[in-house]
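Take this structure first; my questions come after.
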Amino acid sequence: MRKVLPLTVAKKDKFREGGVKFKRLSIWLFCIPGAVVTLIFGWYPMIWAMVIAFQKFMIIGPSKWIGLGNFSSILQDPILPIVIKNTFYYALLSIGLTFIIPILVAILLMEMSKKTVRIMMWLWFIPLSSMASIVILKWMYNVDYGLLNGILVSFGLPESGWLNDPRIAMLCLVLPGLIMFAPGLIYIATIQAIPKELYENAHLEGASVWQQIWHISLPRLRPVISMMLILAVISNLQIFSQPYIMTGGGPGTATTVFVMEIYSQAFNRYAFGRASALAIILFCIILTLIIIQRKFVKENLDE
Amino acid sequence: MIRKLFKSVLIALSVASFFCSVPVIGQTPEELLAPTEERPILVNPEYWISGIRIFSYFGEGGDVARNLRDWIDCPKELYRSWQTASRNIAGLYAASLFERDNPKVKLVWYEYAGEAAGKEWSKVLMSALAAGEGPSAYDANVFGGVATAISKGLCGDITEYVKNWDQTKYLDMKFWAPAWKNGRCYAIPGQAMSYELSFFRKDWFEEAGIFAAEGIAGPPVDWTFDDFVNIGQKLTDPKKKRWAFGLPVDVIRTGWLQNFGGFMVKPDPTGKYTFRSGLDLPTTKEFLKFYRDLKFKYNIALTGTEETGTAAAYDFWGERTAMHIFEGTRHALLWGRIDRHMFGDKSWLDTVGIIPFPKGPTGLQIGTPKPWWRFITINPVISKERKDATWKFLNFILVGDGKKILAQDMAYALNDLPTNDIAPNPYHPRYLDDPNFASRSWKETIPGEQYREIFNYVESLPVNPIPDFFAMPIMEETALQEKHRILLSTLLTNPNADLDAEVDKVANMINKTVLNYKIEGQTWDNIKEWATSLKEFYEKNFPEQAKVFNEIYETSFAVWPKK
């Protein structure tokens, strides 16, 4: 016997079918602007850079294919090993100081009162205007009339060379990153989302604070840490604004980093082909590091 | 109730503003551009000279303007430069006159809120050119030097225009050479004859008891670098946050270098390249050692990796340093108005004096170290009609009626006769040949005995027979400067750095990259010609320097094959 559905149910399904279609359409409609922007400002320049890297690029008029000419010219440039070394040095310093410390601070903060957490979050949000902080810090570091040497002198301590000392110039560039606590805020948000019952049960069963951190907080932070590590590697290897504004790459070449050399090739020498070739080398370095990182850092809580 | 009232007012205002804008919104571009009673000029967009960039060099010295602390506060309309031409009556009048006589042409002003020669402007210009929307004429030097711009295809070929140009006889080929390639001309000079001088704080000199003559605070005009150091030590007092000088690490001061007998480049003895770095020449090294001693031996310079040319200027205006290098153009209006400027809340003339660079170790003191810079070029991709119109406009504004309008206008601003030399360019404006056009020298506009004396003194100094880089183009000037920054920022921040080793390292870097080329058409003969002319110049004017140079000449400059 043929089963006849009540009229209301059939109507509902029809309505639901239309709704699903509309939902799909609306998803696509919402995605299109983002996709178009990504294509125009993300993929198109990247593909175009890959083309230019093999050309003697002319701003006006036809460009000439020169094969690996740009790459060979870069490899002969004495500045290349210097910028690679400096970039990795900066990235290691920066990840060491500004990546690990916020994780620890975020975890420890959760042991404090809600009021303290709120105040600390406020304090860390304020200096998020990185450009302003960089410019201010540049003058604070000034050897002759900067605030930091003024403080040292007032305590009877010897003055420091800060940005003028090639041994610590890179460290001085990294330090502002410590007060840019954006990753810390993300960790705090993640930890706040961990169910309180887990800590309560652990506490009842006699787990110490460190055991709670090690067995509850850190495993649940792992996916976020993994993602933040990728972002940190990408952003630190592409550092530009701090050395460009604060030291201009000096003293000597002590703080000349990879992207500064790309910028210099493109906008000081108008060698867009060489600049693109350099950018491709950097892209390959970052990609390799991310592949390695994805292979060795586990994100899944159960693994 | 109040909220409702506020909302109603907002809505009413929005509606009103919409209806007010309707007449404009309703018009097509053609209607907007059509001749009107106020603007009876037919506009044909095909012939637009879109964006004749209005740089200071068309008018008067932006350089001095930038160095005058309070110039921004001055009424802008008094600066009759093309930089502000679209905002002043003289500029607009000149433009409308040109448009009237050339009815198919429409001048469109490109305004760029930033330094005309700055890096940002070069990017804006480059993007516009790449998009085919670039202005018709622009400053080729923004691309790191005219030679760079030519090699990157950013300059139009203007050989046909300059071939029969009546102004070419005023243009010295050895200064013009960088704008030529393979016998074709790509640019004309836009600014010339600037003097590199120093500002100094008269009041601080007086306080320290340093007088050029009785009752005249300041250094003597024929001072030496030894005097500079002695004076600097008297002026420096770190406790008061006062130093003699802001020593930038991003630029080698060519005037100082020349007075030491140093060179940034030297000829390549192998003939494979045009130049090799001149950093390792003994006179250049002596100069670098002196630079360094200012910081670490004499402790009179404020410097550091963050001390750029701009920061050094701020140190002077910020009352931290007693002296500051600037380029003193022959800018009649600015010098003519200097008595009305203020230095902070003090009178400019009472506070700031000018002085030439000190003599080098052998008494070398050269006048006019920077003869020409900034070259105007025409967009290479515009139509022939637009090129013709652009060339016509450049003539109009550099030597024709446009220039006359600016001169008259400046005279009005100065409340005096027109000056015969309103802009520091090497041309001969046609109005000067008009016997009815009363004029006077730019120097007559300068108030203050001290200022006039200095300019007279600088003009009396022997002028180097060859320009920087020996009348041959440096293909990437900005990149060369960047490498020099590497050296300077090492030497001026690290007292333990080995000067010889650092010089060799950077010279090697420069040779491998920036100077890794040979200029087409370069022969041993032209190298011999400029090297010999320099030798003769020293022998005639500076015998002590000739002894030093002869050694360099034999070892590094006389590189051509011996017959």
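Here, each number is a calculation from the coordinates, and none is a lab measurement. Worth saying up front: this structure is predicted, and the values here are computed from it rather than measured. Here the Cβ positions follow ideal geometry from the backbone for every residue, glycine too, while neighbour counts run over all protein chains shown.
Can you work out the Karplus-derived ³J(HN,Hα) for every residue in segment B:347-363? Use 6.51 cos²θ - 1.76 cosθ + 1.60 with θ = phi - 60°, whole Hz, and x for glycine or proline.
Running phi through 6.51 cos²θ - 1.76 cosθ + 1.60 with θ = phi - 60° gives 5, 4, 4, 6, 9, 10, x, 10, 8, x, 5, x, 6, x, x, 9, x Hz.
I want the local charge near B:A147. Using Cβ-Cβ distances under 11 Å, sum +1 for each Lys or Arg and -1 for each Asp or Glu among the other residues. Don't jump to the answer; show the numbers that get you there.
On the way: positive: B:K152, B:K181; negative: B:E476, B:E477.
With Lys, Arg at +1 and Asp, Glu at -1, the net is 0.
Hey, another quick one. Taking every residue in B:506-519, how many Cβ atoms of other protein chains lie within 10 Å of its Cβ, on average? Walk me through the intermediate numbers first.
Values: counts 3, 0, 1, 5, 1, 0, 4, 9, 1, 0, 3, 0, 0, 0.
Mean inter-chain Cβ contacts per residue within 10 Å come to 2.
From the residues B:L302, B:P220, B:G209, which one has its Cα farthest along the dipole of segment B:188-333 in the positive direction, the dipole being from +1 and -1 charges on Cβ of Lys/Arg and Asp/Glu about the Cα centre?
Projecting each Cα onto the dipole axis, the largest value belongs to B:L302.
Report the net charge of residues surrounding A:Y199, where surrounding means a beta-carbon distance below 12 angstrom and charges are Lys +1, Arg +1, Asp -1, Glu -1. List each step's numbers first, then the result.
Values: positive: A:K196, A:R220; negative: A:E111, A:E197, A:E200, A:E205.
Summing Lys and Arg as +1 and Asp and Glu as -1 gives -2.
Kindly rank A:187-194, A:62-69, B:259-266 from highest to lowest mean number of other beta carbons found within 10 Å of each residue. Walk me through the numbers before you get to the answer.
Values: A:187-194: 16.2, A:62-69: 12.4, B:259-266: 23.5.
Highest mean packing first, the order is B:259-266, A:187-194, A:62-69.
Could I ask something else about it? Each residue of segment B:289-297 in order: what ³J(HN,Hα) in whole Hz does its phi give by Karplus 6.51 cos²θ - 1.76 cosθ + 1.60, θ = phi - 60°, with x for Gly and Pro?
5, 4, 3, 5, 4, 4, 8, 8, 9
Also: Set the bar at 31 Å for Cα to Cα. Now go through B:K241/B:K266; B:K403/B:K540; B:K239/B:K289 and name every pair that lies beyond it. Before the final figure, lay out the partial values.
Working: B:K241/B:K266 40 Å; B:K403/B:K540 39 Å; B:K239/B:K289 26 Å.
Cα-Cα > 31 Å for B:K241/B:K266; B:K403/B:K540; rest within.
How much net charge surrounds A:I151 when only other residues with a Cβ under 15 Å from its Cβ are counted (Lys, Arg +1; Asp, Glu -1)?
On the way: positive: none; negative: A:D144, A:E159.
Taking every other residue near A:I151 into account, the sum is -2.
Within segment B:244-282, name every residue whose backbone N is under 18 Å away from a label modeled 7 Å from Cα of B:E539 along the Cβ vector.
none
Taking the Cα centre of chain A as origin, sum charge times position over the Cβ atoms of Lys and Arg (+1) and Asp and Glu (-1), and report the length of that vector in debye to the nearest 20. Could you put the intermediate results ahead of the total?
On the way: 25 positive and 14 negative charges, 352 e Å.
Here the size comes out at about 1700 debye.
Could you please rank A:W48, B:W391, B:W317, placing first whichever residue has the fewest other Cβ atoms within 10 Å of its Cβ?
Details: A:W48 12, B:W391 21, B:W317 16.
The most exposed by this proxy come first: A:W48, B:W317, B:W391.
What whole-number volume per residue, in cubic angstrom, does the convex hull of the C-alpha atoms of segment A:69-296 give?
On the way: hull volume 34.8 nm³, N = 228.
Convex hull of Cα atoms, per residue: 153 Å³.
Can you give me the Cα centroid spacing of segment A:138-159 and segment B:243-309 in angstrom?
Computed from Cα coordinates, the inter-centre distance equals 28 Å.
Any of A:K56/B:K174; B:K152/B:K392; B:K181/B:K505; B:K272/B:K528; B:K174/B:K483; B:K104/B:K387 with alpha carbons more than 23 Å apart? Name them for me. Present the calculation step by step, with values, prior to reporting the outcome.
Working: A:K56/B:K174 30 Å; B:K152/B:K392 25 Å; B:K181/B:K505 32 Å; B:K272/B:K528 16 Å; B:K174/B:K483 26 Å; B:K104/B:K387 13 Å.
The pairs that break the limit, which is 23 Å between Cα atoms, are A:K56/B:K174; B:K152/B:K392; B:K181/B:K505; B:K174/B:K483.
Among B:S533, B:S556, which comes first, then next, by fewest other beta-carbon atoms within 10 Å? Display every interim value, and only then the final one.
Numbers: B:S533 14, B:S556 18.
Least crowded to most crowded, the residues run B:S533, B:S556.
Hey, another quick one. Hey, fewest Cβ within 10 Å first, where do B:D433, B:D350 land in order? Can you show the working numbers first?
Numbers: B:D433 8, B:D350 14.
With the fewest neighbours first, B:D433, B:D350 line up as B:D433, B:D350.
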